Amino acid sequence: MKKVIGINGSPRMNWNSAKMLDSALKGASEAGYETKRIDLYKLNYTGCRSCFACKRLDSPGFGRCAVADDLKPVLDEILESDGLIISSPVYFGSDPGMVRSFCERLWFPSHTYSTDGTVAYDRHLRVALIYTMNVPRQEFYEEFIESEKEKFSSMVGETSVLCALDTLQFDDYSRYSSSAFDPVRKQESRDTRFPQDLANAYRLGRELLS
Ligand SMILES: Cc1cc2nc3c(=O)[nH]c(=O)nc-3n(C[C@H](O)[C@H](O)[C@H](O)COP(=O)(O)O)c2cc1C
């Protein structure tokens, strides 16, 4: 049975990014694929350690990350799977640090430093990136999103992107310093826009491997 791995890149286990991921994994599951969710913030790992074991020409581990921590079995499982869905909040216009560290460990073994641009992975994986964010328009982060898409496409496999915009960040805006946001409009977005985002995530998961 084909397998889809879902990565939750938020420290929150049941908020926007996690809900988007669960919806996408539901779609994949209902399309007949085995699914598994992994929460990065429950794992103990670092970014790339620059050990270059993945690039040693005489090494049986060529093209694979050798760092033995909680991420190692996750990376191995991803490369044995068929689909990868990463759902993450945007932090300061980029990935949260944990997601960036995960990306370094996934990308670097594939990147061979060769003049012809050969990558070590066979790029069989279908990848979907889901980003959730406060801003109401994707154009704010188009450069970042395109750059991530390009890196995943060239090193890991064909990649698509879905964004959930204008997300609700807290249950009760009156309890936090947040005058930059209109809580009524935020709640409206949660009630009307987010259900559509979840439906789009479901479709993305259902169609990922088709
Ligand atoms: C540390 C931090 C930095 C953030 N930076 C941004 C940002 O640069 N742009 C943005 O649109 N939202 C930003 N946000 C908001 C989150 O991306 C947004 O609320 C997201 O949907 C949260 O995902 P979660 O509910 O899965 O945790 C930031 C949130 C935090 C906690």
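Only the coordinates and a few stated rules stand behind these numbers; no lab work does. Please read all numbers here as calculations on a predicted model, not as lab measurements. Glycine gets a Cβ as well: all are built from the backbone with ideal geometry, and neighbour counts include every protein chain shown.
For the chain, take the longest principal axis of its alpha carbons; what is the angle in degrees between that and the long axis of helix 16-30, to the nearest 10 within 0 to 90?
Tilt relative to the chain: about 60 degrees.
Enumerate the amide H contacts of Gly6 below 5 Å, restricted to partners 5 or more residues apart or on another chain; note that Pro and chain-start residues carry no placed amide H.
When sequence neighbours closer than 5 places are left aside, the close amide H contacts are Lys36, Arg37, Ile38, Ile85.
Is it possible to state the helix-based mean residue ellipticity at 222 nm for the chain, with each DSSP H run of 4+ residues giving -39500 (n - 2.57), the sum divided by total residues, to the nearest 500 deg cm²/dmol? What is it?
-10000 deg cm²/dmol
Starting from the Cα-Cα distance between Ala53 and Thr118, subtract it from 0.36 nm times their residue separation and give me the gain in nm to one decimal.
Extra length from Ala53 to Thr118 when fully extended: 21.7 nm.
Modelled label-to-label distance, Ser29 and Ala180, 7 Å Cα→beta-carbon offset: nm?
3.6 nm
With a 10 Å radius around each residue's Cβ, average the other Cβ atoms per peptide and rank 23-30, 106-113, highest first.
Highest to lowest by the protection proxy: 23-30, 106-113.
Over 24 Å between Cα atoms: which of Lys151/Lys186; Lys3/Lys72; Lys3/Lys55; Lys2/Lys55; Lys3/Lys149; Lys55/Lys151 fall into that group?
Pairs exceeding the cut-off: Lys151/Lys186; Lys3/Lys55; Lys2/Lys55.
Between helix 194-207 and the chain, what is the angle of the helix's C-alpha long axis to the longest principal axis, kept within 0 to 90° and rounded to the nearest 10?
Helix 194-207 sits at roughly 30 degrees to that axis.
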